[in-house]
1. Within the range A:124-150, which residues are more than 14 Å from every other protein chain (Cβ to nearest Cβ) and within 18 Å of the chain's Cα centre (by Cα)?
2. Could you tell me which of the residues A:Ser276, A:Ser327 is more than 23 Å from A:Phe214 (Cβ to Cβ), in contact with a Lys or Arg (Cβ under 7 Å, 6 or more places away or on another chain), surrounded by fewer than 18 Cβ atoms within 10 Å (Cβ to Cβ) and away from chain B (no Cβ under 11 Å)?
3. Please find, within the range B:96-116, the residue that is farthest from B:Ile165 (Cα to Cα) out of those that are hydrophobic (A, V, I, L, M, F, W, C) and without any contact (Cβ under 8 Å) to a residue 40 or more places away in the chain.
4. Would a scan of the range A:385-399 turn up a residue that is within 13 Å of another protein chain (Cβ to nearest Cβ) and within 24 Å of the chain's Cα centre (by Cα)?
5. Scan (1) surrounded by fewer than 22 Cβ atoms within 10 Å (Cβ to Cβ); (2) on the phi < 0 side of the Ramachandran plot; (3) in contact with a strand residue (DSSP E or B) (Cβ under 7 Å, 6 or more places away or on another chain) for the single condition A:Gly180 breaks and write down its number.
6. Which of the residues belonging to the range A:286-313 are within 12 Å of chain B (Cβ to nearest Cβ), surrounded by 16 or more Cβ atoms within 10 Å (Cβ to Cβ) and not aliphatic (A, V, I, L, M)?
7. Need a quick list: strands (runs of 3 or more DSSP E) entirely within the range A:190-293 having at least 2 residues that are among the polar types (S, T, N, Q).
8. Take the residues in the range B:145-163 that are more than 9 Å from chain A (Cβ to nearest Cβ) and among the hydrophobic types (A, V, I, L, M, F, W, C); name whichever of them is nearest to the chain's Cα centre (by Cα).
Amino acid sequence: MATSLPEEARRAADVIRRADIVIGIPSYNNERTIGHVVRAAYAGLAKYFPQLTAVVVNSDGGSTDGTQEAVLSARVEANSLMLLSTPLLAAHRLTFPYHGVPGKGSAFRLVFQMAEQLDAKVCAVVDSDLRSITPEWIDLLIRPVLFAGFDFVAPYYQRHKYDGTITNSIVYPLTRMLYGVSVRQPIGGEFGVSARLVKRYLERQDWETDVARFGIDIWMTTLALAEGYRVCQSFLGAKLHDAKDPGSDLSAMLQQVVGSVFNLMEEYSPVWQKGSGSTPAELFGFRFDVGLDPIHVNVHRMEDAFRRGCEELGEVWETVLEKKTLSAVRALAAGLGKNGNGLHLSDELWAEVVLEFACAYRRRSLARGMILRSLTPLYLARVASFVRDTENLVASQVEDKIEQLCLTFETFKPGLIARWNGNSGQSEASPVELGAVVSATNESKIGGEK
Amino acid sequence: MIEVMKKVLESAVDRLQFQITTYLPSLLAALTLVLGAYLTALFVRWLIYKIFKGLTIDKFLRQSGVAFLVDPSGRLRATRLAAESAYWCILLGGVLLGLNVFGTDLTTQIVQGFVFLLPKLFVAGLILLGGTWLGHYLGRSMLVWAVNENFPTPRRLATVVRILIMFVAVVVAADRLDFAKQVFLSAFIIIVGGVVLAGGLAIGLSGNGVRRFFEEKREQSRESNERSLWSHL
C-alpha cells in the first residue's frame, strides 16, 4: 500500500537535502490563482522565518492549463515586503505531479513525503485556489508548531453564514461531540503539521480510500484529535476561493467527507466513547471582521429534493433510521408546502438522523456507499431549514445557532454510545421533541431566487 | 373345510411372518437411522449454538447484505443459519439412508434421483440467492442515484433493474436444473429484445423530452449560484 516518493521528487530532495519548513500546495488546473498563493507563501517565509530554510512544493494532479508553469514563474519582489531581516536562503520551489488516486489526499501525501524526506520541522498546506491568502497565513499556520509545541494547527475563518454547510451541519458538530475538542473548521483545507504528526500520517495504510479525495481534511484533523496530538486553531480572516471542484456532485462530496468521518468513528470508537462535553481548541491570531463573498441559495429546490427523497427512498431509510425518526421525517415532508409552510428540521431531529446514519453505517445495514448517498435529501432538508431559520440573522447569531446544534449533538452522545454498542439505544426524545413539526414560517425570500 | 381354513390361516401367518421377517428389520433399521439422524441433528445444532459463535461469518453476512436479504430486520445470525442448516441436512441424510435400507427399486430410484439432483439444486439455489441479492443491491443503487440526480420515476427504474436481474437468475437456474430450458431461454430473448426495442422507441419518440431533461440538468449544474454553495465544504 505504501507509495514511495516519485523519482523526480527524490532527486530534488537529494539536491536540497534538508529544509526546516515545507509548504505544500495541492493543485489541479489552478493557473489563475496559484501564482498568488505561491507569492503569499514566499512572502510569508521571507517575512516571518528568514532564518529558516524552506521549500514550497506544488503537488499537481496533472493540470493542463499551465498551473505548474505559474508556480515556477511566480515572483516576489523582496523590496516590496519591507523586511526587517534579509532571508539567509531563498526558499526552493518545486512542482511535481503526484501519483495514485486522483484527489487532494494523494497530493497531500506527496507533500508529507517530501517533508519527511527533507527532515522538515513543520509542514503547512494551503489550497491553490485561495484569493484571500496573505503572508500572515503562513506565519499563523507555522508558528504554533515551531514555537509553541503544537502538532496540528487548524484554520479558523470568517465565512458567510451559508458557506461551509457540510462543516456546519455535520462535520463540526459530530467531530466536536466525538472527540471533545471544538475545532471550528475541521475540514478547512489549510493546516500546519508537526514533523511527528507527518510521520504518523505517512505510517497509515488508508491513503487509497476516500482519504485520497475530499476525506483528507477530516482524516488529518481526526487523527490529530483522537491520537492525543496537541491541536490549536489560527484565525486567518476570510476564506475567499474559487469553486473547489465544479465537476463533482454534492452526493459524491458528501459521501467522501461523511464516509471518512464514519470510518474514523469506527476506528476510534474506544477513544470517543470515553468522554463527554467539549472544550475549545486554543485559538491564535487577531480576530477581525471582513467582507465576504455573497452566497445565493435556492431553498425551494432543496425542499423539492427532500420531498422527493421522502417519497422514493422509504425502503432505504427504513433500514437506516429508527421508526420514530422516520415518522418525524415523513411528517416534515407531509407538512411541507401546506399553507405556505417552510421546512423546519429541528436540531434534535437532525442530530438523531446523523447519528442513526452513523450506526447504520457501522452495522452495514446496506452497502455503505448507498447509505451515505441516501443521506443527501436529508442533508438538503437540513440546509434548507438552516437557511430559512437564519435568513434574518447576523453572523454572530448564526454562530450561536451552530453552537446550539453542537450542544444538542453532545446531549445525544450517551444514546449514541448505547446504540453503537448494540444496546437498544433509543433516545428518550419523542417524535414531537424530535421536531416533527413544520414551522409556520412564511415563504423565504431567499428561496425564491432562481 | 377345516383343513382348507387351516391352510389359508397358515399361509396368511406365513406371509405375515415372511413380511415381518423381511421388512420389520428394515423398517426398524430405517427408524433407527432416522432417529439416530434426528438425535445427531439435535446434538449438532445444540453444539453449533453452544460453541460456534460465528462472529466472523456474522460480519460477512452483514457486510454482504445476505443477512438483510434473508431477514429484512438484519437480525440473521450465522450461528442460527449454520445450526439450522446442519440440523436439516443431517435429518434429510438420515431419511435418505432410512429409505435406502429397504433396497426396493422405488426407494433406490428416489434416493438416487435425489442424490443426483442435490448438487444441481444447491447450485440453482445459490444462483437464485445471488440474483436476488444483486437485484436488490443494484435496484437500490439505481433508486438512490435516480433520486439524487432528480431522474424521473426512480422507483420504476429500480423495479425494472430488479426484475431484469431476477429474471436472468431464474433463466440460469432453470438451465442448471434442465428445467424448461427452451421456454426460459426463449422468454429471456423475447424480453431482452422487447426491452431494447421499447428503449429504442422511447428514445426515438421522446427524444426531445430526454434531451430537454439532460439540458436542464446541465443548465442546473452551470448555475453558479447553486454551485457556490456546494463547492464549499
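The values are calculated or read from the model by the stated rules, or taken from the named source; none is laboratory data. Values in this document were obtained by computation on a predicted structure and should not be read as measured data. Using ideal geometry, Cβ is built from the backbone for each residue, glycine included, and neighbour counts are taken over all protein chains shown.
1. Passing the criteria: A:Ala124, A:Val125, A:Val126, A:Ser128, A:Ile133, A:Trp137, A:Leu141.
2. The match here is A:Ser276.
3. If we take residues in the range B:96-116 being hydrophobic (A, V, I, L, M, F, W, C) and without any contact (Cβ under 8 Å) to a residue 40 or more places away in the chain, then B:Leu106 is farthest from B:Ile165 (Cα to Cα).
4. yes
5. Answer for A:Gly180: the failing condition is (2).
6. Within the range A:286-313, A:Asn298, A:His300, A:Arg301, A:Asp304, A:Phe306, A:Arg307, A:Arg308, A:Gly309, A:Cys310, A:Glu312 qualify.
7. Counting at least 2 such residues, we get A:231-238.
8. That would be B:Ile163.
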